[in-house]
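J.: What follows is a structure written as structure tokens; I'll ask about it next.
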Amino acid sequence: MRKAGVGIDDIKKKILNLKGITIEMNINRGRKKFDTLSGTIKDVYPSVFTVEVEKDKSALQTFSYYDVLCGNVVFLSEE
């Protein structure tokens, strides 16, 4: 469900400010499946952003800003 009072532009700015910083995230994969991911925001694009996984440097995960807006991706810590 969409968070009231927060717009997609606000989320884009927040993620752009976190670029290059190690973060921890909770990800709702659907059907009662949740993952915790630790990594670094590598690139920020107009519709999506990529996260380089800390455990496997060659692995990239891609998320849309809408995932953050709806609460499917939640940032736990920002170092």
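Here, each number is a calculation from the coordinates, and none is a lab measurement. All values derive from a computational prediction rather than experimental measurement. As a convention, Cβ positions derive from the backbone with ideal geometry for all residues, glycine included, and neighbour counts pool all protein chains shown.
J.: When V6 is evaluated against the numbered criteria (1) surrounded by fewer than 10 Cβ atoms within 10 Å (Cβ to Cβ); (2) touching a residue at least 40 places away in the same chain (Cβ under 8 Å), which criterion, by number, is the only one it fails?
T.: (1) is the only condition that V6 fails.
J.: Which residue is nearest to the chain's Cα centre (by Cα), if the candidates are limited to the stretch 13-69 and must be part of a strand (DSSP E or B) and among the charged types (D, E, K, R)?
T.: Out of the qualifying residues, it is E24.
J.: Considering only the stretch 62-79, state which residues are touching a strand residue (DSSP E or B) at 6+ places or on another chain (Cβ under 6 Å) and under 11 Å from I27 (Cα atoms).
T.: If the condition is that a residue be touching a strand residue (DSSP E or B) at 6+ places or on another chain (Cβ under 6 Å) and under 11 Å from I27 (Cα atoms), then F63, D67, N72, V73, V74, F75, L76 are the ones that fit.
J.: Scan the stretch 43-67 for residues that are charged (D, E, K, R), more than 15 Å from I11 (Cα to Cα) and surrounded by 14 or more Cβ atoms within 10 Å (Cβ to Cβ) and jot them down.
T.: E52, E54
J.: Additional query: Sort out which residues of the stretch 33-79 are closer than 18 Å to V6 by Cα and either in contact with a His (Cβ under 9 Å, 6 or more places away or on another chain) or of a type in the set (S, T, Y) (or both), and write them in order of number.
T.: S47, S64, Y65, Y66
J.: Just wondering, is there one or more residues in the stretch 24-39 that are without any contact (Cβ under 8 Å) to a residue 24 or more places away in the chain, touching a strand residue (DSSP E or B) at 6+ places or on another chain (Cβ under 6 Å) and surrounded by 14 or more Cβ atoms within 10 Å (Cβ to Cβ)?
T.: yes
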